[in-house]
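What follows is one structure encoded as structure tokens, with my remarks underneath.
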Amino acid sequence: MSPLTLLYTPASPFARKVRMAALERRIKLELLDTHVSPILSNPELAKVNPLVKVPVLISPDGPIYDNRVICRYLDRLGEGPSLYASEVAERWSIATLEALSDGVMDAAVLLRYELGVRPEELRWKQWVDIQFSRILGVLEQVEKITDSLVGLHIGSLGLAAALSYLDFRHPALPWRENHPRLSAWLADFEEHEIMKNTRYPQV
Ligand code: BEZ
């Protein structure tokens, strides 16, 4: 099969999760660095995804998005154990962890735009505070189940992409202080090749 093309940007946690999934499933992706902005369009990207978001997978079945759909698509093609559990109870807990991790990424990316792009005089503190409190609410819940976070699956990949994005874009958020198990979990997870080979850019 000829390589699939992924439209991505190196700073996107959603694209990082997809790249991690592809590496774990041993699927070669051609990476096409694609400009995205919260305030400008990108007509080329809009042709393949009307939401004008990355990641987009250009596949023989047409353009595929969002990250969750791409990960499922790649999982079907890949080699070795699936990133999705076959056992029913485990399947739903992993899928729910994936949803929580995507929610952390959503909030963290919106905060990045609010705090890094929006003019300071237009910022909305109450909105900022509620987004951070939702992120911390997720971490509080996941901290309690950290001992069960074993192995590489779509939930753990998403969580690692989300937590490391917090370190990348919100380094002042002291999330590690109150979540020592998650902090230790991420330190271990960072040792996987799929993390080392998909690092966020240096700022
Ligand atoms: C970022 O610069 O943090 C970013 C860029 C694109 C998508 C998501 C995040």
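The values are calculated or read from the model by the stated rules, or taken from the named source; none is laboratory data. Only a predicted model underlies this, so the values are computations on that prediction, with no experimental measurement involved. Cβ atoms come from the backbone with ideal geometry, glycine included; neighbour counts cover every protein chain shown. These area figures cover heavy atoms from the full protein model, side chains too; ligands, DNA and RNA do not enter into them. Shrake-Rupley method; radii C 1.70, N 1.55, O 1.52, S 1.80 Å.
Once you've got the GNM for the chain with C-alpha springs shorter than 10 Å, pick whichever of S37, S183, S82 has the biggest mean-square fluctuation.
S37
Heavy atoms only, probe 1.4 Å: what % of the accessible area of the chain goes to carbon and sulfur, would you let me know?
55 percent
Quick one: Debye curve from the alpha-carbon atoms of segment 27-66 only, equal weights, vacuum; give me log10 I(q)/I(0) at q = 0.30 Å⁻¹ to two decimals.
-1.17
Could you check the spin-label model distance between I145 and S86? Points 7 Å from the Cα along Cα→Cβ, value in nm.
2.2 nm
I'd like the distance between the alpha-carbon centres of segment 1-37 and segment 40-85, rounded to an integer number of Å.
9 Å
Can you compute 3J(HN,Hα) from phi for each residue in segment 101-111, using the Karplus curve 6.51 cos²θ - 1.76 cosθ + 1.60 with θ = phi - 60°, rounded to whole Hz and x for Gly and Pro?
Computed from phi, the couplings for segment 101-111 are 5, 5, x, 4, 5, 4, 5, 5, 6, 4, 5 Hz.
Which cross-chain or sequence-distant (5 or more) residues have an amide H under 5 Å from the amide H of S59, H modelled 1.01 Å from N in plane?
Result for S59 returns I64.
If you look for lysine pairs in the chain that are eight or more places apart or on different chains, how many of them have Cα atoms under 19 Å apart?
4
Remind me, relative contact order of segment 28-83 in percent, using alpha carbon pairs under 8 angstrom and six or more residues apart?
Relative contact order, segment 28-83: 18 percent.
Nearest 5 is fine: what % of DSSP beta bridges in the chain come out antiparallel, could you say?
Around 55 percent of the beta bridges assigned by DSSP in the chain are antiparallel ones.
Just to be sure I understand: with springs between alpha-carbon atoms less than 10 Å apart, which residue in L110, L40, L32 has the highest mean-square fluctuation in the Gaussian network model of the chain?
L40
Between E87, E44, E114, find the one with the highest GNM mean-square fluctuation for the chain; connect C-alpha pairs within less than 10 Å.
E87
Can you tell me what percent of all Cα-Cα pairs in segment 5-77 are more than 16 Å apart?
Values: 1074 of 2628 pairs.
Roughly 41 percent, rounded to a whole number.
With +1 on each Lys and Arg Cβ and -1 on each Asp and Glu Cβ, how big is the dipole of the chain about its Cα centre, in debye rounded to the nearest 20?
Values: 23 positive and 26 negative charges, 70 e Å.
Taking the Cα centre of the chain as origin, the dipole is about 340 debye.
Take every DSSP beta bridge with both residues inside segment 5-77 and express the antiparallel ones as a percent of the total, to the nearest 5.
So the antiparallel bridges amount to about 60 percent of the total.
Which whole-number percent gives the relative contact order of the chain, counting Cα pairs below 8 Å spaced six or more residues apart? Could you put the intermediate results ahead of the total?
On the way: 236 pairs, mean separation 48.6, N = 203.
Relative contact order comes out at 24 percent.
For E30 and R199, compute 0.36 nm times the residue count separating them, minus their Cα-Cα distance, and round to one decimal in nm.
Computed gain between E30 and R199 is 59.2 nm.
For segment 153-203, state the semi-axes of the equivalent ellipsoid (square roots of 5 times the eigenvalues of the alpha-carbon gyration tensor), sorted largest first and rounded to whole angstrom.
Numbers: eigenvalues 57, 43, 17 Å².
Output for segment 153-203: semi-axes of 17, 15, 9 Å.
So how do W127, W92, W175 rank on accessible area, 1.4 Å probe, biggest first, that is with the largest at the start?
Largest to smallest exposure gives the sequence W92, W127, W175.
Could you sort V117, V104 by their accessible area in this structure, using a 1.4 Å probe and putting the largest first?
Highest to lowest solvent-accessible surface, that is V117, V104.
By the gyration tensor of its Cα atoms, with a ≥ b ≥ c the square roots of the eigenvalues, what is the shape of segment 1-127: rounded for a/c under 1.5, prolate for a/b over b/c, or oblate?
Since a/c reaches 1.5 but b/c is at least a/b, the shape of segment 1-127 is classed as oblate.
So if I take the alpha carbon set of segment 63-203, get Rg, then get Rh from the Kirkwood formula, what is the Rg over Rh ratio?
Rounded to two decimals, Rg over Rh is 0.98.
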